Amino acid sequence: MHYLIYKITNKINNKIYIGQHQTENIDDKYMGSGILIKKAIKKYGKENFEKEILFECSSLEEMNQKEKEIVNEDFIKRNDTYNLVEGGKGGSSAGYLGYLSLKNHLDNDEMFKKEWLIKVKNNAYKVLPKLQEGARQYVENNGGAFLGKKHTIETKQKISLKNKNNHLGERNTQYGKIWINNPNIEQNKIINKELLDIYLNNGWMKGRILNWEAYKINNKKTYVKPSRQKQVIKTMNHKLEMKKLYSLLYKYYKDGGWKNVLKHYDYKYSRINLLQQFKKYVPEYKK
C-alpha cells in the first residue's frame, strides 16, 4: 500500500489542491474528491490539470500528519487553493473552518455561489453534516443568491435549450430502452431494445400498464409519459367506479325498470341519460 500526499495544479489559473491518497497503484489517475477541485476539473477539463506526488509516507498516521502540516488553517484560507478543510483528518469531518473557506469562495465566485446555494437548498449535495449546516447558515444569512431576481426571457430560452440538449440521444437516461409489460404476471419492466424480440416471444408486450385492475376491465394497456400518469390513473379509476355504479343500476333496472332504479338510488338525470350510460359502461346491456 502506498500512502501519498499529492498536489493538483490548475494550469490555467495556477490554483492548487493538496490531498492524501491510499492506493496499490501510484499511477491510478486519482484526481481528488474535494468539492471544489472536482467542480474545477469539470469546468476546465482534466487535461488542464497537472498532478504531482509530494511525499510517499510509510503509514496512514505519517500521511495524516504530513497533510496536517501542509493543509493548515492559513492554507485553506488562501484564494489560490481548492481545499476546504484542514488536512490530517482523512476526510472524516469538515468542521467550521471548512465552512469559512467555503464562504470565502462563495463571496468571491458569483457563479459558484449561485450554483452552490441552489444545490444546498434542494439538498442535492450529500455533504458532511457540519459543512452542510454551515452552507445552510450562509443561505439563511444571505437570503439566497437569487433572492429578488428574475431570469430574462433570453436567459430562460438559453436554459431551456441547454436542458433540452442535455437529454438528447445517448445523454438521455432512457436512450436505447423500452417499457414492456406482462399481463399474466401483472409486471412492468424497462429493458434494452435489443432484447425486445426475445421478450415479445415469451409473453411480453410493448408498453407500460399503469393500473392493472383498470386494464383487466378495459382489456387494453395504456402507456403514457410520466407527466400524465397521475391524470391517466385518475381517469381509469373514475371509469372503474362508473362501471361498478351502472352495473348496479342496471341490475335495479332489469328487476323493475326506471321506477325501481329511483326507489334504490337518487339518480339526478333522465331515463334516457341512464340508458346512454348503460350503453357506455355495461357490456351486457342491449337497447
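The values are calculated or read from the model by the stated rules, or taken from the named source; none is laboratory data. Since this is a predicted model, take the numbers as computed values, not measurements. Cβ atoms come from the backbone with ideal geometry, glycine included; neighbour counts cover every protein chain shown.
Worth pointing out:
Each row is one residue, and each column tells you yes or no for (1) within 28 Å of residue 107 (Cα to Cα); (2) assigned to a helix (DSSP H, G or I); (3) modelled with pLDDT under 85.
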{"site": "145", "(1), (2), (3)": "yes, no, yes"}
{"site": "154", "(1), (2), (3)": "yes, yes, yes"}
{"site": "158", "(1), (2), (3)": "yes, yes, yes"}
{"site": "163", "(1), (2), (3)": "yes, yes, yes"}
{"site": "178", "(1), (2), (3)": "no, no, no"}
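- Cβ-Cβ under 8 Å pairs, at least 6 apart or on other chains, segment 220-246 side modelled with pLDDT under 60, far side of a type in the set (Ser, Thr, Tyr): 221/215; 222/215
- Among the conditions (1) outside any helix (DSSP H, G or I); (2) in contact with a helix residue (DSSP H, G or I) (Cβ under 8 Å, 6 or more places away or on another chain); (3) modelled with pLDDT under 90; (4) surrounded by 13 or more Cβ atoms within 10 Å (Cβ to Cβ), residue 217 misses just one, which is (1).
- Taking segment 170-190 as the range and being within 20 Å of the chain's Cα centre (by Cα) and not charged (D, E, K, R) as the test, the residues that pass are 172, 173, 174, 175, 176, 178, 179, 190.
- Residue selected from segment 191-213 under the condition over 24 Å from residue 237 (Cα atoms) and assigned to a loop (DSSP other than H, G, I, E, B), by the criterion nearest to the chain's Cα centre (by Cα): 204
- Scan of segment 4-54 for residues that are at pLDDT below 90, surrounded by 12 or more Cβ atoms within 10 Å (Cβ to Cβ) and over 32 Å from the mean Cα position of the chain (by Cα), ordered by number: 26
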